[in-house]
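The values are calculated or read from the model by the stated rules, or taken from the named source; none is laboratory data. These numbers come from a predicted model, not from an experiment. Cβ placement follows ideal geometry from the backbone for every residue including glycine, while neighbour counts extend to all protein chains displayed. Keep in mind that these areas ignore ligands, DNA and RNA; they rest on the heavy atoms of the full protein, side chains included. Shrake-Rupley method; radii C 1.70, N 1.55, O 1.52, S 1.80 Å.
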Amino acid sequence: MFFSNDFKSSILRVVFVSTFTTLFAFGAQVSQKRWQPNQSFSEYLVDQKIPLGILDMIDKDDAQFLSEIQSDSVFYELYDEKKGLLQVLIPINTEMQIHLYKTKEGFSFDIIPIDYQEKEYFAAVTIEENLYNDIVRQIHHKKLAARVARSIKNAYDSKRFKVGDEVALLYTQKTRMGFIYGMPEIKSIRIKSQKKEHFIYIDQEDQQGYTDTYKNEPYTVTVKEKVTRTKLVPVASRNFTLPLRNARITSPFSLRRWHPVLKRYRPHHGVDFGAKRGTPIMAIGNGTVSFVGSMRGYGKTVKINHGNGYESLYAHQSSIRVRQGARVRQGEVIGYVGNTGTSTGPHLHLGLYRNKRPINPMSMISRNASAPSVLKKITRYEDVQKTLYKKVPIKNATKNKEKLLEALEQNRPVYIWEDFLQKDQSKEEA
Ligand SMILES: [Zn+2]
């Protein structure tokens, strides 16, 4: 068992009227301890020489909580005058605890709510060093010091504090077995600096301080707004792509060229791409297959109608993969490179016609993988999320200020916590 010297000294004489009612005991002693890291509940029972058989009493649903005792959490043991263990309270969270207690037959246990009291306290400190240290030194409450420092942060510049300034406040604090339990809740703060008074109103929901009785609360609305965006838009006039991967031009478009097979001048109404037999041929643009078949000189040929008067032609194919009338997408394989028709070797002859007239395909083909595009400004109405603020009153702001003023007027004594009570503070931070 883990016994801190500090805790040994903090054994209290308490009259138990609430949780410890099973064995109402005058003159009993309560000892405050911390749960040993990784200690299990059954190990604790063994330490206390309590038979493990009592573990069978617990509901299956509740059994899981026995493993949820947090290392280092504060728990209490109650002894009779002869140092015999009467009861133990071990928290499993901030609201529930394991209650182990002695019966006539031996020991028993269950899971019960944590019993705590909540009271309002008045505090006033004089600035000597800084607010945090002065609260710790004068009030003996570290959590309160942290909470006050945090609450003031957005409402009062701590650099304005001068030695001799006064900070008065009302707060509530839970106590369990007489020890500080959980975080204090600040209600209202008054700073008196060189005869000037500043009130800080505390929002009870998040403990944030404000200089006024209302706060600006953000909310979002959706509004239609004219939005101008810059967008990449494909260029209409050059939107065809290459028909082969790794395309290599072996003969360009020409209105007049020497034909190596026919051995005379002829126009070349297309571009020849050298490629191995069987290389896939891709449609240079979206369209409808307008012709599939054999053409004199061109051999196995496919034509695709792209609309707007454009038609492409793919000649000398070894085999064709599409049917007439089929819709094809840009880049879709329509056939394979071959050597059919009048040809000296496997290649693709690509023709492009605008309103039935041959044009140079390369003037319409982007060599980039994707279609060329330009930046264009587009203006339209869009739904836009906007953050607006509305004034929301801080709950009980005026009432809490009046209560603080009343305490100041009545010269209410400042509550100073016992130093050893600090040791009980749970792991929760400000
Ligand atoms: Zn050709």
Which one of these is at pLDDT 90 or above, among the β-branched types (Val, Ile, Thr) and under 41 Å from the mean Cα position of the chain (by Cα): ILE114, ILE127? ILE127
Of the residues in region 291-329, how many are closer than 19 Å to ARG357 by Cα and either touching a Leu at 6+ places or on another chain (Cβ under 8 Å) or more than 16 Å from the ligand (Cβ to nearest atom) (or both)? 17
Pairs where the first residue, in region 296-315, is assigned by TED's automatic domain parsing to the domain that holds ALA275 and open to solvent by 10 Å² or more (accessible area, probe 1.4 Å) and the second is of a type in the set (Lys, Arg) and away from the ligand (no atom under 11 Å from the Cβ), C-beta under 9 Å, 6+ apart: ASN308/ARG354; GLY309/ARG354; GLY309/LYS356; TYR310/ARG354; GLU311/LYS303; GLU311/ARG354; GLU311/LYS356
Residue match in region 180-192 (condition: in contact (Cβ under 8 Å) with a residue 60 or more places away in the chain and among the acidic types (Asp, Glu)): no
Which one of ARG327, ARG321 is of a type in the set (Lys, Arg), modelled with pLDDT of 90 or more and either within 21 Å of HIS268 (Cα to Cα) or surrounded by fewer than 16 Cβ atoms within 10 Å (Cβ to Cβ) (or both)? ARG327
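For GLY278, state whether it is of a type in the set (Gly, Ala, Ser) and closer than 26 Å to ASN246 by Cβ.
yes
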Specify which of the listed residues (LEU262, LEU255) is within 15 Å of the ligand (Cβ to nearest atom), assigned to a loop (DSSP other than H, G, I, E, B) and open to solvent by 40 Å² or more (accessible area, probe 1.4 Å). LEU262
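Residue-by-condition table, conditions (1) more than 26 Å from GLY178 (Cβ to Cβ); (2) open to solvent by 50 Å² or more (accessible area, probe 1.4 Å):
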| residue | (1), (2) |
| --- | --- |
| ASN38 | yes, yes |
| TYR44 | no, no |
| ILE58 | yes, no |
| SER67 | yes, yes |
| ASP72 | no, yes |
| GLU77 | no, no |
| LYS82 | no, yes |
| VAL88 | no, no |
| GLN97 | no, no |
Hey, TYR171 in the same structural domain as PRO413 (by TED's automatic domain parsing), crowded, with 19+ Cβ neighbours inside 10 Å and in contact with a Pro (Cβ under 6 Å, 6 or more places away or on another chain) or not: yes
For region 253-263, does any single residue satisfy the condition of being closer than 20 Å to ILE334 by Cβ and touching a His at 6+ places or on another chain (Cβ under 9 Å)? no
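Does SER366 satisfy the condition of being open to solvent by 40 Å² or more (accessible area, probe 1.4 Å) and touching a residue at least 12 places away in the same chain (Cβ under 8 Å)?
no
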Residue set ILE365, ILE334; condition of a type in the set (A, V, I, L, M) and away from the ligand (no atom under 16 Å from the Cβ); output residue ILE334
If the requirement is being within 16 Å of the ligand (Cβ to nearest atom) and not acidic (Asp, Glu), which of these qualifies: VAL221, VAL167, VAL271, VAL227? VAL271
Just checking, which of ARG176, ARG190 is within 17 Å of LEU131 (Cα to Cα), crowded, with 17+ Cβ neighbours inside 10 Å and of a type in the set (Lys, Arg)? ARG190
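Are any residues in region 274-290 open to solvent by less than 50 Å² (accessible area, probe 1.4 Å), away from the ligand (no atom under 15 Å from the Cβ) and out of contact with any Asp or Glu (no Cβ under 6 Å at 6 or more places or on another chain), and if so, which ones?
Correct list: GLY278, THR279, MET282, ILE284, GLY285, GLY287, THR288, VAL289, SER290.
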